Amino acid sequence: MRDAHFCIRSYLADKNGMCLAIPGKILKIKGETAEINFNGIRKEVNIAMVDVKIGDFVMVHAGFAIEKMVPDLASEIQGYLDKK
Amino acid sequence: MKLDKQKLLQSIQEKAKEIGRPLRLMELCGTHSQSIAQHGINSLMPKNVKLVSGPGCPVCVTDQTDVDVMVGLALAGIPVAVYGDTMQVPGNLMSLEEARRNGADVNVVYDITEAIKMSQEKTGLVFFGLGFETTTGMTAWAIQQGLIVYSAHKIFPPAMSALLANKQIKVDGFINPGHVSSIIGTKVYEQFKIPQVVTGFDGEGMLSAIEMLLTQILENKAIVQNVYTDLVKKDGNPKARKLIAEVFEISDAHWRGLGEIKKSGLKIRKKYKKCDAEFVYAELIAKIKKEIKPKPSACKCGLVLQGLIESQECPLFGKVCTPDNPQGACMVSVEGSCNVEFRYNRK
């Protein structure tokens, strides 16, 4: 398992590419839209493609959560975010 | 087991030496090509290991005809919405950017929900749906909300079959896409009897994938391994796949460079024909297609996309074809092989 700090840095480093996706944590859910925390920045994202609940981490691409992330990586990311 | 970068590089050197013969490993995702260039991974490879780019840049493999149709619709006065990296792709007549400069209503969106909002004011707006499984689910969802779409969506595995069937293309292993795999899973790749590793986009992930491919080659194995376990599961994302299957059906499709590949495209199901630009604007699209005049070009995108030549071998590369003045799709997209080569001077 890669460490969370490295992981976030590498995801955020490359802002180009079609396949760029960024992990974020679900704060609120309203229908098919969720408010997501991306390393301090909050944004609304469509969650129609994933089964998720508040507190889950998702990978977001072009305004949509494409997949839920595994809990152990999610908790590592959370730990990293909490320290900030 | 986690290996640090030094150990990975050392292992890559040792294994490549032991294998001895020249090896070609193909990355199938455009963002991987970008990552390889960004992290200077090519310069770290042993002499006998060559990394080549495959047809994984969705903008690059979009057929010229599809661009021509979108340009034609826009020039006929229909508002269109596209992802930004499509704007400069040259069509036979012009690019969407040029159509916009000629007064056509061409809108760039980052997110398909913006196109839905836009279509409420701009009646009849057509969204240019392109890309692989990562973006297809979003388009499917938008169609269910009533957005009109011209679909140039493609599915990935048939392109891998086509590459493997072409005897001119010699590839010893594939670095499989990361986010496409988060949707389709890893099991689907087991049909291909070639070493494959799914990985993410950081340098460490790329090196791990290369090291694992070399290990497979050395041990004479051809299996599917996954380093991107944070996100990619064996069966992918079933909810996204169900959404895609509900809206789209498999069709034959034209790929720039690869030609027609059977059962590699996605067309909108009849149930959603009111959201299918090919139905809504059937007559106009037929007229546009009839009037297409193929523009001769020395652009070698097709060969580059198959890993048959390198960008620098194209006579246009860096001379008349640059990111500011792209002659082919591979120079347009930030993940196109030629664009990456130009920006990072990849050797």
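Readers should treat all values here as calculations from the given coordinates under stated rules, not as data from a laboratory. Fair warning: this is a prediction, and the values are worked out from it, not measured in the lab. Note that we place each Cβ from the backbone using ideal geometry, even for glycine, and neighbour counts take in every protein chain shown.
About its Cα centre, the dipole of the protein assembly as shown is roughly 500 debye, where the only charges are +1 on Lys and Arg Cβ and -1 on Asp and Glu Cβ. I need the Debye-formula profile for the range B:1-83: one equal scatterer per C-alpha, no solvent, reported as log10 I(q)/I(0) at q = 0.10, 0.14 1/Å, two decimals. Ignoring solvent entirely, the Cα scatterers give -0.44, -0.65. Report the one residue of B:Val52, B:His39, A:Val45 whose Cα lies farthest in the direction of the positive end of the charge dipole of the protein assembly as shown (charges on C-beta: Lys and Arg +1, Asp and Glu -1; origin at the Cα centre). Positive-most Cα among the choices belongs to B:Val52.
Think of it as helices only: each DSSP H run of n ≥ 4 in chain B is worth -39500 (n - 2.57), and spread over all residues that comes to -11000 deg cm²/dmol at 222 nm. Report, to one decimal in Å, the Kirkwood hydrodynamic radius for the range B:301-344 based on all distinct Cα pairs. Hydrodynamic radius (Kirkwood, Cα only) of the range B:301-344 equals 9.8 Å. Just report the Cα centroid separation between the range B:70-109 and the range B:125-142, whole Å. When both Cα centres are located, 17 Å separates them.
Among the trypsin sites (Lys or Arg not before Pro) found in the range B:170-255, those both in a DSSP coil and sparsely packed, with 12 or fewer other Cβ atoms within 10 Å of their Cβ, are B:Lys193, B:Lys221, B:Lys234.
Quick one: order A:Ile41, B:Ile210 by neighbouring beta-carbon count within 10 Å, fewest to most. Can you show the working numbers first?
Values: A:Ile41 9, B:Ile210 29.
Starting with the residue having the fewest Cβ neighbours, the order is A:Ile41, B:Ile210.
For the range B:4-21, backbone phi angles converted through the Karplus equation (6.51, -1.76, 1.60; θ = phi - 60°) give residue-by-residue couplings of 7, 4, 4, 5, 4, 5, 5, 5, 4, 4, 5, 5, 4, 5, 5, 5, x, 6 Hz, Gly and Pro being listed as x.
For the range B:59-69, putting each phi into the Karplus relation 6.51 cos²θ - 1.76 cosθ + 1.60 with θ = phi - 60° gives couplings of 5, 5, 8, 5, 5, 3, 4, 5, 5, 4, 5 Hz, in residue order, rounded to whole numbers and with x for Gly and Pro. Only beta bridges with both residues in chain B are counted; by DSSP, about 25 percent of them are antiparallel.
Pairs A:Lys43/B:Lys267; B:Lys242/B:Lys263; B:Lys187/B:Lys242; B:Lys17/B:Lys167; B:Lys187/B:Lys263; A:Lys53/B:Lys263: which are spaced more than 24 Å apart, C-alpha to C-alpha? Violating the 24 Å limit, Cα to Cα: A:Lys43/B:Lys267; B:Lys17/B:Lys167; A:Lys53/B:Lys263. In this calculation the C-beta distance from B:Ala282 to A:Arg42 is compared with R0 = 60 Å, giving a FRET efficiency of 0.90.
Take the alpha carbon gyration tensor of chain B, find the square roots of its eigenvalues, order them as a ≥ b ≥ c, and report rounded if a/c is under 1.5; if not, report prolate when a/b exceeds b/c, else oblate.
prolate
Extension gain, B:Lys5 to B:Glu260: 0.36 nm times the residue separation minus the Cα-Cα distance gives 87.7 nm.
Run a plain Debye calculation on the range B:190-347 (Cα atoms as equal point scatterers, no solvent) and give log10 I(q)/I(0) at q = 0.12, 0.16 Å⁻¹, rounded to two decimals, same order as the q list. Values returned for q = 0.12, 0.16 Å⁻¹ are -0.87, -1.25. Of the GluC sites (Glu not before Pro) found in the range B:172-271, those that fall in a DSSP loop while having at most 12 other beta-carbon atoms within 10 Å are B:Glu219.
Where the alpha-carbon atoms of the protein assembly as shown are placed on the principal axes, they occupy 61, 53, 36 Å, in descending order. Note on chain B: with charges restricted to the Cβ of Lys and Arg (+1) and Asp and Glu (-1), its dipole about the Cα centre is near 740 debye. A cut-off of 5 Å between modelled amide H atoms, ignoring neighbours fewer than 5 places along the same chain, links A:Glu67 with A:Met59.
Here B:Lys15 is the anchor, and the lysines within straight C-alpha reach of less than 23 Å, apart from those fewer than 8 places off in the same chain, are B:Lys2, B:Lys5, B:Lys7, B:Lys47, B:Lys50, B:Lys170, B:Lys193, B:Lys221, B:Lys347.
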